Ligand code: CTP
């Protein structure tokens, strides 16, 4: 519940009788029987009065949920007291944009996990029709409908938010530059291509660029020769502060630690973070740097760089703090420095060589398959 401070200034009465009168006026006022600003000219009071919370609505596909989406939700939440998010149905996305990569149930898990989200509506429509807008206003008590500053055009060329704009109930936030679902798919495709053309390289040129932010000659202006874009994200300290909780653990908090790459942050990550958080009072997440991820998982990883991965993890409601560029080994020193009570790991343990050996084995069996393959009829 939100409380708004109302200050009523009047003449101060002195003495016991006057106090009794003042107190009864106060009683009437707090019960809502006395209109504001009327009659209560006898005392200086600073009571608190209930005010209706401002409820804002943001909808979207939130496909391959990334920190740009999280930043949109963060900005939307700032425009009100409660944020309701409509997650567009698979059918509506197919009809308006083409098939999503992640299905509705996964997109719902991702949106619900964002710490700025208060309520989620499943199967939201892509366009805000007059009928749906009325439902938002009447049933969900929405005050404003929010969207990024990128145009959202329907297949017939009309604006998906035209009705909300006409009703004066539309607000805009700034779209986060440097990331989109299309861009992430592009990075993944580029990785696959890079991987197949330069098996002999220790680290791909894509990986080098992610790690150090330099354009190689093959990536002038962030666009590869094949036209695929790579990360243009410029991490600022302000953005990290905006995503942070800004609070340390309490004096007796049980601090739980979990580390990982958290590349392409997904529903599986959300689930393990949720479970880890349940084991203590404060969840500290160590995020491995790009070089470590490359060394352990292969030259084509990570797809998202360290700062991008850190923002996605920080936006998760189960996370209290992150270490940006955590060491691979959880040393005694790390445990002492951060006063860690419990180190958590998923059931798939990654020993130093585990991933590499698994990949090598898989690659060898794939190679054998292609060398020995014969024609098989079918799709
Ligand atoms: N959004 C944003 N910054 C981005 C991507 C999306 O602010 N880099 C905002 C959109 O403007 C919208 C909300 O996130 O208000 C939900 O996004 P979605 O419907 O998924 O929009 P898309 O533009 O399709 O996002 P993407 O291209 O990444 O799929």
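The values are calculated or read from the model by the stated rules, or taken from the named source; none is laboratory data. Since this is a predicted model, take the numbers as computed values, not measurements. All Cβ positions, glycine included, derive from the backbone under ideal geometry; neighbour counts span all protein chains shown.
Computed values, structure above
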quantity: Some residue of the stretch 142-157 being closer than 27 Å to residue 302 by Cα, touching a helix residue (DSSP H, G or I) at 6+ places or on another chain (Cβ under 9 Å) and either surrounded by fewer than 17 Cβ atoms within 10 Å (Cβ to Cβ) or modelled with pLDDT of 95 or more (or both); calculated: no
quantity: Residue in the stretch 112-122 that is part of a helix (DSSP H, G or I), within 14 Å of the ligand (Cβ to nearest atom), touching a strand residue (DSSP E or B) at 6+ places or on another chain (Cβ under 7 Å) and modelled with pLDDT of 95 or more present; calculated: no
quantity: Tally, over the stretch 126-148, of residues that are farther than 11 Å from residue 55 by Cα and in contact with a strand residue (DSSP E or B) (Cβ under 7 Å, 6 or more places away or on another chain); calculated: 4
quantity: Helices (runs of 4 or more DSSP H) wholly inside the stretch 178-280 that include at least 1 residues being modelled with pLDDT of 90 or more; calculated: 181-197, 237-243, 267-278
quantity: Qualifying positions in the stretch 68-108 - part of a helix (DSSP H, G or I), more than 14 Å from the chain's Cα centre (by Cα) and within 12 Å of the ligand (Cβ to nearest atom); calculated: 92, 93, 96
quantity: Those residues of the stretch 166-182 which are surrounded by 14 or more Cβ atoms within 10 Å (Cβ to Cβ) and either under 23 Å from residue 74 (Cβ atoms) or within 15 Å of the ligand (Cβ to nearest atom) (or both), in sequence order; calculated: 169, 170, 171, 172, 173, 175, 176, 178, 179, 180, 181
quantity: Residue within the stretch 147-156 that is in a helix (DSSP H, G or I), in the same structural domain as residue 70 (by the TED database) and either closer than 21 Å to residue 84 by Cα or within 12 Å of the ligand (Cβ to nearest atom) (or both) present; calculated: no
